[in-house]
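Following: one structure in structure tokens, then a few remarks.
The values are calculated or read from the model by the stated rules, or taken from the named source; none is laboratory data. Remember, it's a predicted structure, so these values are computed and weren't measured experimentally. Neighbour counts run over all protein chains shown; Cβ positions are idealised from the backbone, glycine included. Calculation scope for accessible area: heavy atoms of the full protein, side chains included, ligands and nucleic acids excluded. Shrake-Rupley method; radii C 1.70, N 1.55, O 1.52, S 1.80 Å.
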Amino acid sequence: MSRKPVIAGNWKMHLTKRKASSLARAVAAAQGSVESRRSVVFPSFVHLDHVRRNLRNSNVVLGAQNCWCKKEGAFTGEVSPYMLRDMGVQMVLIGHSERRHVLGESDALISDKVKVALKAKLEVMLCIGETREEREASLTFEVLARQLKALKVVKPAQTDRVSVAYEPVWAIGTGLTATPQMAQQAHAETRRLVAQLLGEETAALIPILYGGSVNPGNAAELLSQPDVDGALVGGASLKIEDFEPILAAAPTA
Ligand code: PEP
């Protein structure tokens, strides 16, 4: 079963309008007409429209870093997935560790977001991953099982719009990376759990990305693991000199 590698850049709360636009153009140029991998960028909400214009005529996917769990209403400061879709966004990141651990998002909220984002016809990249304390207490697989339950709301016709990013919290922005073996073990378990929730066929097709201090030096080995289908990259996605070699490290199917 071949899954197309996905290399995604999470730009977090970084860059100016001008820098985001020029980085978008550089990613579009690096992606070129390559069809053997997907590339995705997740700029800040306020830069989405500028980035969209700069990605015009490219096959780079435009994603948002978050959305709210309702179609519309009195939710000051929040953004509906329908609004994202309406302005040309194709994918949304849900449950990133900074949303869970810095902003206190619960599994229930994350599950509601997955449901509404899929209903709005967006693709969803669900982020999961254990903290250092949870890994040290051998709770990694339990955490993955709990967080993946957010996918229970996915309907059979929506499965082709779902991907998962395994991002151990202790590896995000810390320079500590899971070894390729650790990543493979967590990804294989993630795929087994997805099979329990959504069936074997779906589990075989769903891209599972690794995230956590991916850089040009470690990308190829991580991406060579059988269940690692891509990378979600934070810090190293902010400079094209770092992001381009990560894109190039994606195996050609
Ligand atoms: C992320 O923000 O999803 C991430 C993996 O960040 P970094 O690559 O900087 O660890």
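For the chain, the per residue solvent-accessible surface stands at 46 Å², with DNA, RNA and ligands left out and a 1.4 Å probe. In straight-distance terms, cross-link reach from residue 239 covers every one of the lysines whose alpha-carbon lies under 16 Å from its own, apart from those fewer than eight places away in the same chain; here that gives 12, 17, 19.
Its DSSP H runs of at least 4 residues, each contributing -39,500 (n - 2.57), put the calculated 222 nm mean residue ellipticity of the chain at -11000 deg cm²/dmol, to the nearest 500. Using a 1.4 Å probe on the protein chains only, how many percent of the accessible area of region 164-212 belongs to carbon and sulfur? The computed percentage sits at 56.
When the alpha carbon gyration tensor of the chain is reduced to an equivalent ellipsoid, the three semi-axes, largest first, read 24, 22, 18 Å. Projecting the Cα atoms of 153, 84, 246 onto the charge dipole of region 6-249 (Cβ charges, centred on the Cα centre) puts 84 farthest toward the positive pole.
Residue 123 contributes an accessible area of around 30 Å² to the protein surface, as traced by a 1.4 Å probe with all chains present. Neighbours of residue 116, meaning other residues whose beta-carbon lies under 12 angstrom from its beta-carbon, give a summed charge of +4 when Lys and Arg score +1 and Asp and Glu score -1.
Ordered from largest to smallest accessible area (heavy atoms of protein chains, 1.4 Å probe), the residues 227, 107 come out as 107, 227. In this structure residue 238 has an accessible area near 40 Å², from a 1.4 Å probe over the protein heavy atoms.
With contacts taken as Cα pairs under 8 Å and at least 6 residues apart, the chain reaches a relative contact order of 22 percent. In this view, the solvent-accessible surface of residue 252, computed with a 1.4 Å probe and all protein chains in place, comes to about 110 Å².
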